[in-house]
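Below: the structure, in structure tokens.
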Amino acid sequence: MSETDKIKIISSNRKANFEYEILNRLEAGIVLTGTEVKSLREGRVNLQDSYGRIRNDEVWIINSHISEYRFGNINNHDPIRNRKLLLNKREIRKIKQQLQEKGLTLVPLKIYFKGSLAKVEIGIARGKKLYDKRESVKKREVERNLRRI
């Protein structure tokens with residue numbers, strides 16, 4: 001692994017793995033301002049209630065929260081602004097086609113630095129029913145007990 005391929009995970013959306021069944025994962029770049037990058041490096045990001053949308057053949061992350069940079073000035077960024085994801089047209093078309101299927105949504109799973117570039121892992125997901133969530137909890141508890149033994 002070369003120096004530029006080092007991955008440093010900043011934040012992950014653990015709630016997404018519980019609430020959704022992830023069908024497909026993609027890596028995308030994200031358009032950020034300077035103070036947003038500095039806040040990311042400090043780990044001040046929350047992906048909890050965020051989701052993805054396609055508008056005008058562009059993919060956007062909506063409702064993600066990157067806190068204002070502490071040492072920023074009047075030009076600091078808006079913490080909850082919509083952020084554009086960088087994907088090529090073929091990937092966007094593929095995502096758009098998959099989202100046409102009923103019950104599928106676009107969810108950001110984690111945000112990380114790959115070398116010096118900020119990346120977002122997005123997933124095409126289907127919402128779990130209540131009984132699926134209960135099953136996930138039972139499965140996790142069984143695995144935890146097996147590890148203890």
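For LYS102, the conditions (1) in a loop (DSSP other than H, G, I, E, B); (2) over 15 Å from ILE124 (Cβ atoms); (3) over 11 Å from the mean Cα position of the chain (by Cα) are fulfilled apart from (2).
Do we have LYS89 as out of contact with any His (no Cβ under 8 Å at 6 or more places or on another chain) and surrounded by 15 or more Cβ atoms within 10 Å (Cβ to Cβ) here? Criteria not met by LYS89.
Reported count of residues in the range 81-99, each being under 14 Å from VAL31 (Cα atoms) and outside any loop (DSSP other than H, G, I, E, B), is 4. Might you check whether a residue that is in contact with a helix residue (DSSP H, G or I) (Cβ under 7 Å, 6 or more places away or on another chain) and at pLDDT 90 or above occurs anywhere in the range 71-82? Scanning the range 71-82 turns up no residue that is in contact with a helix residue (DSSP H, G or I) (Cβ under 7 Å, 6 or more places away or on another chain) and at pLDDT 90 or above. Looking across the range 106-149, the residues that are of a type in the set (Phe, Trp, Tyr) and in contact with a Lys or Arg (Cβ under 9 Å, 6 or more places away or on another chain) come down to TYR112, PHE113. The set of residues from the range 16-38 being surrounded by fewer than 17 Cβ atoms within 10 Å (Cβ to Cβ) and under 14 Å from VAL107 (Cα atoms) comprises ASN17, PHE18, GLU19, GLU21, ILE22, LEU23, ASN24, ARG25, GLU27.
The values are calculated or read from the model by the stated rules, or taken from the named source; none is laboratory data. Remember, it's a predicted structure, so these values are computed and weren't measured experimentally. Ideal geometry is used to build each Cβ from the backbone, glycine not excepted, and the neighbour counts take in all protein chains shown.
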